[in-house]
Amino acid sequence: MTNLDGVFRREWGSAVAALARWSGDLTVAEDAVQEAFADALRSWPRDGVPDNPGGWIVTVARNRALDRLRRESVRPGKELAAVIDDISARTDRTGVPHRIRDDELRMMFTCAHPALGSQSQLALTLRLISGLTVREISRALLQSEAAVGQRITRAKNKIRHANIPLRVPPPELLPQRTPHVLACIYSVFTEGYWSTAGPSAIRDELCDEAVRLAGEVCSLMPGERDGHALAALLLLHDSRRQNRVDAGGALVPLDEQERNRWDREKIARGLDRLRCAEGSTGPYLPQAVIAALHATAPRWEDTDWAGIRLAYDRLIAITNSPVAKANRALAVGFLDGFDAGLVALDDVAADPRLARMNTVASIRADLLRRAGRHVEAQQWYLQALDRAGSDPARQFLRRRYGECGGQLAVADITAGD
């Protein structure tokens, strides 16, 4: 059914969060929502999509959860009903007078509990909030599917057995939880904006969700500068989301995009958030500065590459990220010449953290192509193609390979599609 996937992406996180708040059990919530979507897959093609598909999913999921609780309970029905009523009342009271309008944000802070390891926190949030599959999460985290599945299961069990409450923590505990919540929101946006697998380069529902949640964090904690920096970064990137692909779904690189079609309202909002983020010491501010320099350049030729390189220097000082170092090499190439960019790329190319990614190969291929070294570029485009995820990413690399004079056999063209 063509509409179900879109409904799933839009409604999964809020449905699981609502059921988790009601039941107090993440596994019950996730299983019930999965069963509700299975019911939708069977009934909607026959009966039509309901006017409020999200409400339909939550109602069916709640009934499924009730059925499960009754099956698993040995208590009389009246006593069980009292227990369920007590669960509902207890989980509706957060005890915290924050401006929380969102079950998902409540659950994100629950998943950020310090009793969970950072990788388990992230995997659990991506699964429960965003509805990413274990396979998608494993690609995003560069881990095996088995390891990700085990992390998610252990994290849910720990939340249940340790009676970790599904709520936003009191103000004194917010600082230790906030960095993880911001990292999760950023990961959700990243998976939407640079989809790691599948037929689409962009997953709009994930981008919309991440932008919304970043705004919720800013409303909750208006003095949280890292939160404003993240919101700025997402808005500035998101301003050009609709121009990143053409009418046929093919990727359009930044230097070929029509800047007059970028969303100026989002750029203005992003710049406002950037001003609120002044003084932030986290990793999102330098990234937001890079995005702002791109968003405000009238033409590609006017890009402030010196400012971008300085922002990458700051980001690397904060994170020591090999991806940031590789992207800095591209900025060096535009500023000091593409051969200089290749030298800068050599400094990070052997980093083992990049071994499973196509970052180095694709950047090296781009620098070689721009330097006019097309034969060498072909080799690296092929290497990048081997590790490309989404179909549009693969198609873009094939296009660049062809522009450098390469020809792919039919078997190579269809491999991985």
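No value in this document is a laboratory result; all are computed from the given coordinates. Being a predicted model, the structure only gives us computed values, none of them experimental. Cβ sites come from the backbone with ideal geometry, for glycine too, and all protein chains shown count toward neighbours.
Structural remarks
- Gaussian network model of the chain, Cα within-10 Å springs - most flexible of 372, 13, 227: 372
- Rounded to 10°, Cα long-axis angle of helix 264-276 versus longest principal axis of the chain: 80 degrees
- Debye intensity ratio I(q)/I(0), log10, region 248-406, q values 0.20 Å⁻¹ (C-alpha model): -1.42
- By the helix-only formula, in which each DSSP H run with n ≥ 4 contributes -39500 (n - 2.57) and the sum is divided by residues, the chain has a 222 nm mean residue ellipticity of -22000 deg cm²/dmol.
- Taking θ as phi - 60° and the Karplus parameters 6.51, -1.76 and 1.60, the scalar couplings of region 105-115 work out to 5, 4, 6, 4, 5, 5, 5, 8, 4, x, 5 Hz in sequence order, x denoting glycine and proline.
- Whole-Hz couplings from phi, Karplus 6.51/-1.76/1.60, listed for region 285-297; x for Gly and Pro: 4, x, 5, 5, 4, 4, 4, 5, 5, 5, 5, 9, 6
- The packing ranking, built from the mean of other Cβ atoms within 10 Å per residue, places the peptides 122-133, 232-243, 343-354 in the order 122-133, 232-243, 343-354, highest first.
- Between residue 356 and residue 313, the simple spin-label model (points 7 angstrom out along Cα→Cβ) gives 3.4 nm.
- In a reduced charge model with +1 at each Lys and Arg Cβ and -1 at each Asp and Glu Cβ, region 336-412 shows a dipole moment near 280 debye about its Cα centre.
- Each peptide in 374-382, 203-211, 398-406 gets a packing score, the mean of other Cβ atoms within 10 Å over its residues, and the list from highest to lowest is 203-211, 374-382, 398-406.
- Legend: Rg and Dmax of region 131-236, from Cα coordinates, 15.2, 44 Å.
- Relative contact order for region 336-412, counting Cα pairs under 8 Å that sit 6 or more residues apart, in percent: 27 percent
- Compared with the dominant principal axis of the Cα atoms in the chain, helix 118-128 is inclined by about 70°.
- Annotation: amide H-H contacts under 5 Å for residue 245 (H modelled 1.01 Å from N, sequence separation of 5 or more, or interchain): 252.
- For residue 143, residues with placed amide H under 5 Å, excluding near neighbours: none
- Rel. contact order, % - alpha carbon contacts under 8 angstrom, at least six apart, the chain: 11 percent
- By definition, a body whose alpha carbon gyration tensor gives a ≥ b ≥ c is oblate when a/c is 1.5 or more and a/b is not larger than b/c, and region 336-412 fits this oblate description.
- Relative protection proxy for 156-162, 267-273, from highest mean packing down: 267-273, 156-162 (other beta-carbon atoms within 10 angstrom).
- Cβ-Cβ distance of residue 39 and residue 176, R₀ of 41 Å, FRET efficiency by 1/(1 + (r/R0)^6): the value works out to about 0.55.
- Local charge for residue 303 was computed over the other residues whose Cβ lies under 13 Å away, with Lys and Arg +1 and Asp and Glu -1, and equals -1.
- Additional length obtainable on full extension of the chain from residue 4 to residue 72, 0.36 nm per residue less Cα span: 21.4 nm
- Counting only residues at least eight positions apart within a chain, or on another chain, the aspartates and glutamates with an alpha carbon under 20 Å from that of residue 325 are 304, 313, 336, 339, 346, 347, 351, 366.
- With Cα atoms, 0 to 90° folded angle of helix 305-319 axis to the chain main axis: 50 degrees
- Positive contributions from Lys and Arg (+1) and negative ones from Asp and Glu (-1), summed over other residues with Cβ under 15 Å from the Cβ of residue 31, come out at +2.
- Residue 265 paired with residue 144, simple spin-label distance in nm, labels 7 Å along Cα-to-beta-carbon: 4.9 nm
- Label assignment, semi-axes √(5λ) of the Cα gyration tensor in Å derived from the structure, set [x] 44, 24, 19; [y] 41, 25, 19; [z] 38, 26, 21: [y]
- Using a simple spin-label model with pseudo-atoms 7 Å out from Cα toward Cβ, residue 375 and residue 47 lie 6.7 nm apart.
- Couplings for region 34-46, taken from phi via the Karplus curve 6.51 cos²θ - 1.76 cosθ + 1.60 with θ = phi - 60°, read 4, 5, 5, 5, 5, 4, 4, 4, 7, 9, 5, x, 8 Hz in order; Gly and Pro are left as x.
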